[in-house]
Every structure is written in structure tokens, then in C-alpha cells.
Amino acid sequence: NVPRPVYGHGLVYIATGFQVPALFAIRPDGRGDVTRTHVAWTLRRGAPHTPSPLLVGEELYVISDLGVATCLDAKTGETYWQQRLGGNHAASPVFVDGRIYFQSEEGTTTVIAPGTTFRQLATSELDSATLASMAVSDGSIFIRSRSHLYRIGRRE
């Protein structure tokens, strides 16, 4: 299983990864097989194989490997919006400085505002393919492509 679990609002969000993709919100206080008793909600359409979910406030964001981004109510699983961003996605989305960044395998970054309405803020292109998730440290975003390591930050 590739995507990492995420915890918040009393739920563990687990993407099943390969085979048949699904995202489960599970209450973690059970023992044994909790399939029938502790699954709060499930997302099947638009669930990721590889990228991990991202929890920002009351919303959970996922991107399918085929580039469909989804914003969900983290507690109920209600879908607020689904939007095709394009490209293939292996990298997990990140939340930095009040924005959500999605990085496609083709090197396109799509930046959106968090919230229950889809609002794209920007896109940018790199000169090479990317598979790894962005890293964030000390006010900078690091992106590893096939040929370069990029550091993106504010000028001082």
C-alpha cells in the first residue's frame, strides 16, 4: 500500500492503494474486523492508487492517479467538488502557506485555494517529469524531477 494514512476529526483516512482504489474513513476505537461497525464513510469514485490524502481544516483532499481532484467533508464524506486537473499523479498534494499544491507526473503544478468551492490560483510547468511528492522546509518547496532538484521560495 503506497498512500499513507491520515488522522483527524476522530477518523483515520486510508486509501487502499492498488487493485480497486477506495478511500475509507474509519473510527479507530474498534478491535478485530471493524468493516461493518467502524467505517464512517467510503469514497470509490476518484480514490487514489498512489497519492496520499490531505486534511486541511474540515476538508479532505484527494487526487486520483488519473488527475481528478476531489474535496470532501472530512467528517461525512460528502463530495463538495471534483475537478479534472489533467495529467497523471503519483505525488501527494501538500498544503503550504494557505494553498494546496498538486504536482503531476508530467511536471505541471496546479495550485488551488482550500475550500468547498474549487478555485484554481495558478499553474506552472517544469522541464522534466516528476514522481516524488514535494517537500517543504524552512519556507521553501523542494521538487525532485528526473533531471533537477528545484528549491522554490521567497526572495529575501
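A few comments on the model shown:
- Value of D in µm² per second that Stokes-Einstein yields for the range 1-83, Kirkwood Rh from Cα pairs, at 4 °C (1.567 mPa s): 103 µm²/s
- Taking only the Cα atoms of the range 98-149, the ratio Rg/Rh comes out at 0.99, with Rh defined as the Kirkwood radius.
- A Gaussian network model of the chain, with springs between Cα atoms under 10 Å, assigns the largest mean-square fluctuation among Ala135, Ala25, Ala91 to Ala135.
- The distance linking the range 134-156 with the range 20-37 is 36 Å (Cα centroid to Cα centroid, whole angstrom).
- Among Ile112, Ile63, Ile141, the largest mean-square fluctuation in a Gaussian network model of the chain (Cα springs under 10 Å) belongs to Ile141.
- Under 15 Å, Cβ to Cβ, from Ala90 - net charge with Lys/Arg +1 and Asp/Glu -1: 0
- Comparing Gly87, Gly32, Gly115 in a Gaussian network model of the chain (Cα springs below 10 Å), the most mobile by mean-square fluctuation is Gly32.
- Probe 1.4 Å, protein heavy atoms only - accessible area per residue of the range 3-156 in square angstrom: 55 Å²
- Share of carbon and sulfur in the accessible heavy-atom surface of the range 41-106 [1.4 Å probe, %]: 46 percent
- Proximal charge balance of Tyr80 [Cβ under 9 Å; K/R count +1, D/E count -1]: -3
- For the chain, the convex hull spanned by the alpha carbon atoms encloses 119 Å³ per residue.
- Applying the criteria of a DSSP loop state and at most 16 other Cβ atoms within 10 Å to the chymotrypsin sites (Phe, Trp or Tyr not before Pro) of the range 1-86 yields Phe18.
The values are calculated or read from the model by the stated rules, or taken from the named source; none is laboratory data. Only a predicted model underlies this, so the values are computations on that prediction, with no experimental measurement involved. Because the Cβ atoms are built from the backbone with ideal geometry, glycine has one as well, and the counts that use them run over all protein chains shown. Just the protein is used for accessible areas: all its heavy atoms, side chains included, with ligands, DNA and RNA removed. Shrake-Rupley method; radii C 1.70, N 1.55, O 1.52, S 1.80 Å.
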